[in-house]
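> Quick one: the structure is below, and I'll ask about it shortly.
The values are calculated or read from the model by the stated rules, or taken from the named source; none is laboratory data. Every value quoted in this text rests on a predicted model; they were computed, and no experiment measured them. Cβ: placed from backbone, ideal geometry, glycine included. Neighbour counts: every protein chain shown. The protein model used for the area step is the full one, side chains on, heavy atoms only, and it has no ligands, DNA or RNA in it. Shrake-Rupley method; radii C 1.70, N 1.55, O 1.52, S 1.80 Å.
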Amino acid sequence: FVISQEQHDLPTAATLVEKLLINGIEVHQAIKRFAANGREYRVGSWVVLMDQPFAPLVKELFEPQHYPDLRESLNGPPILPYDVAGWTLPMQMGIETAAVLQPISADQRGGLKLLEQVAPPAGGIQGAGSVYAISHRENASFKAINEVLSAGGQVGFIASDSPSGQQAGAFVVSGIDRERMSEIARRNAIVGQALPRSPESVISTRKPRVGLYRAWVPIIDEGWTRWILESYGFAPVTLRNGDVQAGHLNERFDAIIIPDSSSRVLLEGFAPGSISGEYAGGLGEAGAEALREFVRRGGTLITFNNASLMAIEALGLPVTNVLADLKNDQFFCSGSLLRVELHDLNHPGLLGMPREPIVMFERGPAFEPKSGFQGVALATYPKDRNPLASGFLLHPERIQGKAAELEVFYGSGRVYLFGFRPQWRGQSHGTYKLVFNAIYDSPSLAKPSSFQKPSESVSSQPESWKAAIARVQSDLVVLLRQNQAFFAARGQQAVEERSKLAAAVDQFEKERIPEVEDAAIELNEAARKKASEYVRQLRRLSADLKTKEFESGLNAEGLSERYRLSAIQQEIVMAPSKPK
């Protein structure tokens, strides 16, 4: 087998070679161009020869598994595998390998060197400048930017392809000296491009605050998730039942992850009387309400595999599991590698991904949106072909064309529903980025870039729009103060304050919101679409101001961020100018 150095994610390919060496498998590296399969592989390519003691293990790891369709009788049901039936490691890691079916000549062997240990790809910074662009393709890039943020640097995402050659989604780093940045790049085996100035359309971010739910019922998937997040510098905070039920989650977290488990385990946990009282129970209705409030207020909820069914139920999401109630003879997949199709590689949740990755499907759901669904189908199973890549899949037609991953909008936040485990047993490196992207795709993280330079490509806002937005901000100061006064009042004073609040909000809805709608007409097409979202959030905010208590420490700026008004306004500013 040949593992070329022409990979979507080269550092992860080096990780694959490292795992082979740890298991006693002999790996060679080409010291000159290696010719095989009618092509030439460049110097540095890894070659795994099959005349070695662990050749059977190589076959087990590299070749697709084909579980036989065993029938008990001519017309009887198949004998089903009891456990995982497909585990091909390069597929899981997103690494391309090539089987060489012709004998290797002495000349070919002479161009190979036996490795004792693998050297990671050379990392560093190229070019001149104090701003650095880093590709989104490598998993290791996330570890690097988390290190940058921990060191006090600034990180942003390029919102669209840059004229200087950087692709949409590339990380942009500033506020850190070159020596420190070079050290981070070398340590993570990534290559950064130094730039004289920041590209246009950069959306800055900060270090995400990640919560990871940990039930008292042991969940193996939680341990794998925690290990991976810690390995990549995300520093997840463990959330027990009481931590979730206490609420106020937005004050502590941008994203919360629920690992794979059944709805019963997550919501009910250990039955009372079966264990010491402090360990009994699950999230319950109080926890479900806290999660609903977290997402409504702009948080990102990320659920893996069957935990997604809990989220659908608890949040009342308009999504159907098309595999619900099917018997084993109607659909079965106990653990196999399936191919999915990604539709918009510029979506924040899919940045850096290949078009058709392979996922580990293990007794999970497949989704279909229902009426009223608002969101995006990020990944679907191929509609016109069997998605099976390795293992066993009975009745693939049940999931063909169905969604494997959804982003569902809910209030000011969103829910990422995974119908598989993107971090399966710490092996599925090829889909780690789906998790990392979901974490960073939180409304609370997106900020106007502090190193964004004015440009002709940025939309020009008419004075009428600027004036309308300024008056909105001024009104929010008054409305928020009135809301806080009402909820702090008691008795007859509360009645009077309620009347004042209702009158002020009614006036805001009748005068200010139509004024914003009228001003939006003067914006360009791209900006008008964003303005529609701005108006929707204003209407939601005005309704909440009448009925919902806002804490005394909250100011108008914080209110704008909570309802994404600041973020949407920045998107309007960045909307490309086009003729009407």
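> Can you spot a residue in the stretch 512-520 that is basic (Lys, Arg) and either farther than 21 Å from residue 293 by Cβ or open to solvent by less than 20 Å² (accessible area, probe 1.4 Å) (or both)? Step through it out loud before you land on a result.
The first filter runs over the stretch 512-520 and keeps only residues basic (Lys, Arg), leaving 512.
If we keep only those that are either farther than 21 Å from residue 293 by Cβ or open to solvent by less than 20 Å² (accessible area, probe 1.4 Å) (or both) as well, we get 512.
Yes, there is a match, as at least one residue in the stretch 512-520 is basic (Lys, Arg) and either farther than 21 Å from residue 293 by Cβ or open to solvent by less than 20 Å² (accessible area, probe 1.4 Å) (or both).
> Can you spot a residue in the stretch 110-119 that is open to solvent by 60 Å² or more (accessible area, probe 1.4 Å) and part of a helix (DSSP H, G or I)? Reasoning before the result, please.
Step one: filter the stretch 110-119 for residues open to solvent by 60 Å² or more (accessible area, probe 1.4 Å), giving 113-114, 116-117, 119.
Applying the additional criterion that residues be part of a helix (DSSP H, G or I) yields none.
No, every residue in the stretch 110-119 fails to be open to solvent by 60 Å² or more (accessible area, probe 1.4 Å) and part of a helix (DSSP H, G or I).
> Can we say residue 532 is among the small types (Gly, Ala, Ser), surrounded by fewer than 16 Cβ atoms within 10 Å (Cβ to Cβ), within 25 Å of residue 296 (Cβ to Cβ) and under 34 Å from the mean Cα position of the chain (by Cα)? Even if it seems obvious, please write down each step before you answer.
On the way: among the small types (Gly, Ala, Ser): yes; surrounded by fewer than 16 Cβ atoms within 10 Å (Cβ to Cβ): yes; within 25 Å of residue 296 (Cβ to Cβ): yes; under 34 Å from the mean Cα position of the chain (by Cα): yes.
Yes; evaluated as a whole, the condition is true for this residue.
> Restricting the stretch 540-580 to residues that are of a type in the set (A, V, I, L, M) and in contact with a strand residue (DSSP E or B) (Cβ under 9 Å, 6 or more places away or on another chain), which is modelled with the lowest pLDDT?
First, pick out the residues of the stretch 540-580 that are of a type in the set (A, V, I, L, M): 541, 543, 545, 554, 556, 559, 565, 567-568, 572-575.
Remaining after also requiring in contact with a strand residue (DSSP E or B) (Cβ under 9 Å, 6 or more places away or on another chain): 567, 573-575.
Values: 567: 80, 573: 73, 574: 68, 575: 65.
Only one residue tops the list, namely 575.
> Looking only at the stretch 426-468, filter to residues that are open to solvent by 20 Å² or more (accessible area, probe 1.4 Å) and assigned to a helix (DSSP H, G or I); which one of those is modelled with the highest pLDDT?
Selected residue: 429.
> Being farther than 22 Å from residue 394 by Cα, open to solvent by less than 80 Å² (accessible area, probe 1.4 Å) and either assigned to a loop (DSSP other than H, G, I, E, B) or modelled with pLDDT of 90 or more (or both) narrows it down to one of 49, 101, so name that one.
49
> Further question on the same structure: From 183, 179, 147, 138, which residue is in a loop (DSSP other than H, G, I, E, B) and either under 23 Å from residue 439 (Cα atoms) or over 20 Å from the mean Cα position of the chain (by Cα) (or both)? Break it down into steps so the answer makes sense when it comes.
Details: 183 fails: in a loop (DSSP other than H, G, I, E, B); 179 fails: in a loop (DSSP other than H, G, I, E, B); 147 fails: in a loop (DSSP other than H, G, I, E, B).
Of the residues listed, the single one that is in a loop (DSSP other than H, G, I, E, B) and either under 23 Å from residue 439 (Cα atoms) or over 20 Å from the mean Cα position of the chain (by Cα) (or both) is 138.
> Does at least one position in the stretch 341-355 carry a residue that is under 24 Å from the mean Cα position of the chain (by Cα), within 16 Å of residue 418 (Cα to Cα), open to solvent by 30 Å² or more (accessible area, probe 1.4 Å) and at pLDDT 95 or above?
Yes, there is a match, as at least one residue in the stretch 341-355 is under 24 Å from the mean Cα position of the chain (by Cα), within 16 Å of residue 418 (Cα to Cα), open to solvent by 30 Å² or more (accessible area, probe 1.4 Å) and at pLDDT 95 or above.
> Tally up the residues in the stretch 176-202 that are among the hydrophobic types (A, V, I, L, M, F, W, C) and within 11 Å of residue 122 (Cα to Cα), please. Full working, then the answer.
If we filter the stretch 176-202 for residues that are among the hydrophobic types (A, V, I, L, M, F, W, C), which is where we start, we get 176, 181, 184-185, 189-191, 194-195, 202.
If we keep only those that are within 11 Å of residue 122 (Cα to Cα) as well, we get 185, 189-191.
Adding up the residues that qualify gives 4.
> Then there is this: Whether any residue in the stretch 1-19 is exposed (fewer than 14 other Cβ atoms within 10 Å of the Cβ) and over 29 Å from residue 141 (Cα atoms) is what I want to check.
no
> Look through 505, 495 and report the one residue that is exposed (fewer than 15 other Cβ atoms within 10 Å of the Cβ), under 29 Å from residue 248 (Cα atoms), at pLDDT 85 or above and of a type in the set (Val, Ile, Thr).
Numbers: 505 fails: exposed (fewer than 15 other Cβ atoms within 10 Å of the Cβ).
Residue meeting the stated conditions: 495.
> Could you list, in sequence order, the residues of the stretch 302-350 that are of a type in the set (Gly, Ala, Ser) and within 30 Å of residue 79 (Cα to Cα)? It would help to see each step written out before you state the result.
Keep residues of the stretch 302-350 that are of a type in the set (Gly, Ala, Ser), which gives 307-308, 311, 314, 316, 324, 334-336, 349.
Within the stretch 302-350, 307, 308, 324, 334, 335, 336 meet the criteria.
> For residue 44, are the conditions met, namely being within 34 Å of the chain's Cα centre (by Cα), over 17 Å from residue 104 (Cβ atoms) and small (Gly, Ala, Ser)? Give the steps one after another, and end with the answer.
Working: within 34 Å of the chain's Cα centre (by Cα): yes; over 17 Å from residue 104 (Cβ atoms): yes; small (Gly, Ala, Ser): yes.
Taking the combined requirement at face value, the residue satisfies it.
> Is it true that residue 193 is within 30 Å of residue 356 (Cβ to Cβ) and out of contact with any Cys (no Cβ under 9 Å at 6 or more places or on another chain)? Full working, then the answer.
Numbers: within 30 Å of residue 356 (Cβ to Cβ): yes; out of contact with any Cys (no Cβ under 9 Å at 6 or more places or on another chain): yes.
Answer is yes for this residue.
> Output the qualifying pairs, or none if there are none: Cβ atoms under 8 angstrom, residues six or more apart or on different chains, first residue in the stretch 1-17 and under 16 Å from residue 35 (Cβ atoms), second residue part of a helix (DSSP H, G or I).
From the stretch 1-17, the pairs are 1/58; 1/62; 3/13; 3/16; 3/17; 3/90; 5/13.
> Can you find, within the stretch 535-553, the residue that is farthest from the chain's Cα centre (by Cα) among those that are of a type in the set (A, V, I, L, M, F, W, C) and open to solvent by less than 20 Å² (accessible area, probe 1.4 Å)? Step through it out loud before you land on a result.
Step one: of the stretch 535-553, the residues of a type in the set (A, V, I, L, M, F, W, C) are 535, 538, 541, 543, 545, 550.
If we keep only those that are open to solvent by less than 20 Å² (accessible area, probe 1.4 Å) as well, we get 535, 538, 541, 545, 550.
Numbers: 535: 27, 538: 27, 541: 27, 545: 32, 550: 30 Å.
Filtering first and then ranking leaves 545.
> Which one of these does residue 413 not meet: (1) at pLDDT below 95; (2) open to solvent by 40 Å² or more (accessible area, probe 1.4 Å)?
The number of the failed condition is (2).
> Taking only the stretch 554-567 into account, find how many residues are touching a Ser or Thr at 6+ places or on another chain (Cβ under 6 Å) and either farther than 15 Å from residue 483 by Cβ or open to solvent by 20 Å² or more (accessible area, probe 1.4 Å) (or both).
Of the stretch 554-567, the ones touching a Ser or Thr at 6+ places or on another chain (Cβ under 6 Å) are 560, 563-564, 566.
Next cut, either farther than 15 Å from residue 483 by Cβ or open to solvent by 20 Å² or more (accessible area, probe 1.4 Å) (or both) only: 564, 566.
The total comes to 2.
> A further question on this structure: Touching a residue at least 24 places away in the same chain (Cβ under 8 Å) and in a loop (DSSP other than H, G, I, E, B): is that true of residue 334 in this structure?
Values: touching a residue at least 24 places away in the same chain (Cβ under 8 Å): yes; in a loop (DSSP other than H, G, I, E, B): yes.
Yes.
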